[in-house]
Amino acid sequence: MHTPQELYQHLIQNFHQYSVRELINLNNDLVRNASWGSHKATFRTAVLNSLARKGVDLSPITSHDDGFTTIQLVPVDLDENNSLIPLAC
C-alpha cells in the first residue's frame, strides 16, 4: 500500500466479510492499543465505515459542532437496537 487511501480501500474491501462483532472487537483493540503507527486513523475509519455500511448506528460516539464531526476514541459495544454503546476505557 503506497497511500493511506489505497490502504483504506483495501481494508474496506476486506472488512465487508467481517461480522459486526468482529468489527467492534477491532475497534476496541485499536482504541486500547497505543502502539499503532501512522495508519491507525485510516484503519479505524475503515472499521467504523464498515460498521455503518452494516447498518450500525454510530451516532452515540459522534458529535457535530460548528461544521465539524468528532468521533470519540472509545471502546464500544452493541445494544439491541443495533446502536453503538460507548464504554469506559
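Please tell me if Ser50 is at pLDDT 95 or above, open to solvent by 60 Å² or more (accessible area, probe 1.4 Å) and of a type in the set (Ser, Thr, Tyr).
Working: at pLDDT 95 or above: yes; open to solvent by 60 Å² or more (accessible area, probe 1.4 Å): no; of a type in the set (Ser, Thr, Tyr): yes.
No, not satisfied.
Determine which member of the set Leu7, Leu73, Leu11, Leu23 is open to solvent by less than 90 Å² (accessible area, probe 1.4 Å) and either under 20 Å from Leu87 (Cα atoms) or in a loop (DSSP other than H, G, I, E, B) (or both). Spell out the reasoning first.
Working: Leu7 fails: either under 20 Å from Leu87 (Cα atoms) or in a loop (DSSP other than H, G, I, E, B) (or both); Leu73 fails: open to solvent by less than 90 Å² (accessible area, probe 1.4 Å); Leu11 fails: either under 20 Å from Leu87 (Cα atoms) or in a loop (DSSP other than H, G, I, E, B) (or both).
Checking each option against the conditions leaves just Leu23.
Can you tell me which residue within region 45-70, out of those that are of a type outside the set (A, V, I, L, M, F, W, C) and in a helix (DSSP H, G or I), is nearest to Pro4 (Cα to Cα)? First the steps, then the outcome.
First, pick out the residues of region 45-70 that are of a type outside the set (A, V, I, L, M, F, W, C): 45, 49-50, 53-55, 57, 59-60, 62-67, 69-70.
Right, trim to in a helix (DSSP H, G or I) and you get 45, 49-50, 53, 59-60.
On the way: Thr45: 11, Asn49: 15, Ser50: 16, Arg53: 20, Ser59: 25, Pro60: 26 Å.
Top of the filtered list is Thr45.
Look at Leu78 and say whether it is open to solvent by less than 60 Å² (accessible area, probe 1.4 Å) and touching a residue at least 12 places away in the same chain (Cβ under 8 Å).
Numbers: open to solvent by less than 60 Å² (accessible area, probe 1.4 Å): yes; touching a residue at least 12 places away in the same chain (Cβ under 8 Å): yes.
Judged against the criteria, Leu78 is a match.
Consider only pairs whose beta carbons are under 7 Å apart and that are at least six residues apart or on different chains; among these, list those whose first residue lies in region 1-23 and is within 11 Å of Asn49 (Cβ to Cβ) and touching a residue at least 60 places away in the same chain (Cβ under 8 Å) and whose second residue is open to solvent by 40 Å² or more (accessible area, probe 1.4 Å) and charged (D, E, K, R).
Qualifying pairs under 7 Å: none.
Kindly provide the set of residues from region 26-44 that are within 16 Å of Gln5 (Cβ to Cβ) and surrounded by fewer than 16 Cβ atoms within 10 Å (Cβ to Cβ), ordered by number. Give the steps one after another, and end with the answer.
The initial filter retains those residues of region 26-44 that are within 16 Å of Gln5 (Cβ to Cβ), namely 38-44.
If the condition is that a residue be within 16 Å of Gln5 (Cβ to Cβ) and surrounded by fewer than 16 Cβ atoms within 10 Å (Cβ to Cβ), then Ser38, His39, Lys40, Ala41 are the ones that fit.
The values are calculated or read from the model by the stated rules, or taken from the named source; none is laboratory data. If you're wondering where the values come from, they're calculated on a predicted model, not measured in any experiment. Backbone-built Cβ (ideal geometry, glycine too); neighbour counts: all protein chains shown. Ligands, DNA and RNA are stripped out before the accessible areas are found, and what is left, the full protein with its side chains, is counted by its heavy atoms. Shrake-Rupley method; radii C 1.70, N 1.55, O 1.52, S 1.80 Å.
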